[in-house]
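J.: Here's a structure for you.
The values are calculated or read from the model by the stated rules, or taken from the named source; none is laboratory data. Small disclaimer: the values here were computed from a predicted structure and weren't measured. With ideal geometry, Cβ positions are generated from the backbone for all residues, glycine too; neighbour counts draw on all protein chains shown. Heavy atoms of the whole protein, side chains included, go into the accessibility calculation; ligands, DNA and RNA do not. Shrake-Rupley method; radii C 1.70, N 1.55, O 1.52, S 1.80 Å.
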Amino acid sequence: MGGKDDLAAWSLAVANGMYVAYWAAKIPGATALIGEQGRLTFAELNARTNQLARALRSSGLNAGDALAILSHNSFELVETFLATRRLGVRLTPVSFHLGVDEVEYILRDCDAKVFIAASRFADVAVAAAKGAPAVRTRVAAGGDIPGFERYRDFLRPHDGSDIEGPVLGMNMLYTSGTTG
């Protein structure tokens, strides 16, 4: 690793949200994530991220659209962050400490077309999604949520190879204005 060509490849990967794909090509078997769910290599993380990116595209999500996620620290949270970076999508992470009314407000205000929620927050997710008419795709991570498609089923039919035409995405963050 090193040199002008490598720097150019890294710069391009960062510019279009494909930085994990860069490391998957360089060190595929190296550990990228360790968590409650186990361990993922860079190759596995990249493939799962590409599967999610394709699933989101096939659901009609386009560059400039919004996706909201209500989750704790999990592989799905990281994969969603990375997939939105490749798709030019605006990611809104929603704090799991919020109540139904606050989550519903964020879903409506950010104009989320896709809502991914961890199953441990099912009650809040179901109630909040009812009041967010722009949400057309609902995905449950880590288990079942009534009216939501299971995350693994959402990804399953899609290929894990690097996506075509990556575009750098962004975040839309909500805060109460406090610093503490």
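J.: Checking residue 115 against (1) open to solvent by less than 10 Å² (accessible area, probe 1.4 Å); (2) within 11 Å of residue 67 (Cα to Cα); (3) in a strand (DSSP E or B); (4) free of Cβ contacts under 8 Å to residues at least 40 places away in the same chain, which single condition isn't satisfied?
T.: The number of the failed condition is (4).
J.: If residue 78 satisfies all but one of (1) over 30 Å from residue 26 (Cβ atoms); (2) open to solvent by 10 Å² or more (accessible area, probe 1.4 Å); (3) aliphatic (A, V, I, L, M); (4) touching a strand residue (DSSP E or B) at 6+ places or on another chain (Cβ under 7 Å), what's the number of the condition it fails?
T.: That leaves (1) as the condition not met.
J.: Residue 121: under 15 Å from residue 68 (Cα atoms) and open to solvent by less than 40 Å² (accessible area, probe 1.4 Å), yes or no?
T.: Values: under 15 Å from residue 68 (Cα atoms): yes; open to solvent by less than 40 Å² (accessible area, probe 1.4 Å): yes.
The answer is yes for residue 121.
J.: Got a sec? Which helices (runs of 4 or more DSSP H) wholly within the range 1-60 have at least 1 residues that are under 22 Å from residue 74 (Cα atoms)?
T.: Values: elements: 3-15, 19-26, 42-58.
Output list reads 19-26, 42-58.
J.: Please work out if residue 107 is under 14 Å from residue 90 (Cα atoms) and either aliphatic (A, V, I, L, M) or open to solvent by less than 70 Å² (accessible area, probe 1.4 Å) (or both).
T.: Yes: the conditions hold for residue 107.
J.: Restricting the first residue to the range 136-154 and requiring it to be under 16 Å from residue 37 (Cβ atoms), which pairs with a second residue that is assigned to a loop (DSSP other than H, G, I, E, B) and small (Gly, Ala, Ser) meet a Cβ separation below 7 Å and a spacing of at least six or different chains?
T.: Short answer, once both residue conditions are applied: 141/71; 141/74; 142/74.
J.: Of the residues 43, 15, 55, which is open to solvent by less than 20 Å² (accessible area, probe 1.4 Å) and of a type in the set (A, V, I, L, M)? Step through it out loud before you land on a result.
T.: Values: 43 fails: open to solvent by less than 20 Å² (accessible area, probe 1.4 Å); 15 fails: open to solvent by less than 20 Å² (accessible area, probe 1.4 Å).
The unique qualifying residue is 55.
Residue by residue, here is whether (1) surrounded by 15 or more Cβ atoms within 10 Å (Cβ to Cβ); (2) touching a strand residue (DSSP E or B) at 6+ places or on another chain (Cβ under 9 Å); (3) within 18 Å of residue 106 (Cβ to Cβ) holds:
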position	(1), (2), (3)
130	no, no, yes
141	yes, yes, yes
150	yes, yes, no
154	yes, yes, no
166	yes, no, no
170	no, yes, yes
176	no, no, yes
